[in-house]
Amino acid sequence: ESVNLTALLQDCVRAFSVTYDRDIQLFSTENKLEGRVDREKINQVFYILIDNACKYSQDEVHVYTDSSEGYIQVKVQDFGEGIPEADVERIFDRFYRVDKARSRDNGGTGLGLSIAKHIVESHNGIITVDTELGNGTAFTVKLPKS
Ligand code: ATP
């Protein structure tokens with residue numbers, strides 16, 4: 001299915017901004033980024049990443065799209081607490097949560113990122129994380145164009 005990922009992100013960003021009363025900004029190089037993806041599943045990936053960015057930060061959230069040779073890239077950047085180095089490699093594991101006591105207040109299950117990774121990889125894409133304790137976290141999803 002050919003999906004306009006920019007439009008999908010716009011809807012997702014708008015829904016979160018309104019529902020959680022948060023400042024989420026979408027920066028897109030192109031206003032139409034077509035990808036051959038499962039719309040519902042990729043929407044779920046965007047939902048999980050933006051939801052996490054809102055849960056684990058207080059400030060604005062930035063979403064960037066870009067396309068390079070062969071790939072479409074979506075980055076969700078927050079300016080929140082970041083993830084300790086010792087935990088980073090485990091956050092994509094099922095049920096893994098950093099600092100159980102603190103994150104329990106957020107009522108998550110620790111499943112979101114494992115689902116996101118599964119979906120991205122089933123599209124032959126990759127998901128990576130770049131984080132700095134106290135400064136924020138960016139998740140990048142790269143999906144093949146064809
Ligand atoms: P849910 O399944 O409801 O999303 P969750 O947020 O705990 O619950 P994951 O999305 O899998 O589960 O995230 C795993 C853990 O990674 C989180 O508990 C949190 O500690 C950490 N994490 C995820 N995203 C961020 C982020 N943007 N900033 C800081 N920590 C994060």
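No lab work stands behind these numbers, since they all come straight from the coordinates. Source: prediction; values computed, not measured. Positions of Cβ are backbone-derived with ideal geometry, glycine not excepted, and every protein chain shown enters the neighbour counts.
What FRET efficiency comes out for the pair residue 85/residue 115, r = Cβ-Cβ distance, R0 = 41 Å, nearest 0.05? List each step's numbers first, then the result.
On the way: r = 24 Å, r/R0 = 0.58.
In this case the efficiency is close to 0.95.
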Excluding residues fewer than 8 positions from residue 32 in its own chain, the aspartates and glutamates with Cα under 20 Å of it are 1, 11, 40, 66, 69
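Taking a ≥ b ≥ c as the square roots of the eigenvalues of the Cα gyration tensor of the range 25-79, is the shape rounded (a/c under 1.5), prolate (a/b larger than b/c) or oblate?
It comes out oblate by the Cα gyration axes.
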What share of the DSSP beta bridges in the range 1-131 is antiparallel, in percent to the nearest 5? 70
Among 115, 62, 131, the residue whose Cα sits farthest towards the positive end of the charge dipole of the range 28-133, when +1 is placed on the Cβ of each Lys and Arg and -1 on the Cβ of each Asp and Glu, is 115
For the chain, with a Gaussian network of springs between Cα atoms less than 10 Å apart, report the residue from 134, 35, 110 with the top mean-square fluctuation. 134
Extension reserve of the residue 29-residue 4 stretch, reckoned as 0.36 nm per residue once the Cα distance is removed: 7.7 nm
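Let me have the 222 nm mean residue ellipticity of the chain computed from DSSP H runs of 4+ only, each contributing -39500 (n - 2.57), with the sum over all residues rounded to the nearest 500. Please list the in-between numbers first.
Working: 5 runs with 53 residues, N = 146.
The per-residue figure over the chain is -11000 deg cm²/dmol.
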Hey, what's the Kirkwood Rh for the chain if you take every pair of different alpha carbons, in angstrom? 15.4
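Over the chain, what is the mean sequence separation of C-alpha contacts under 8 Å (at least six apart), divided by residue count, expressed as relative contact order in percent?
Computed over the chain, the figure is 25 percent.
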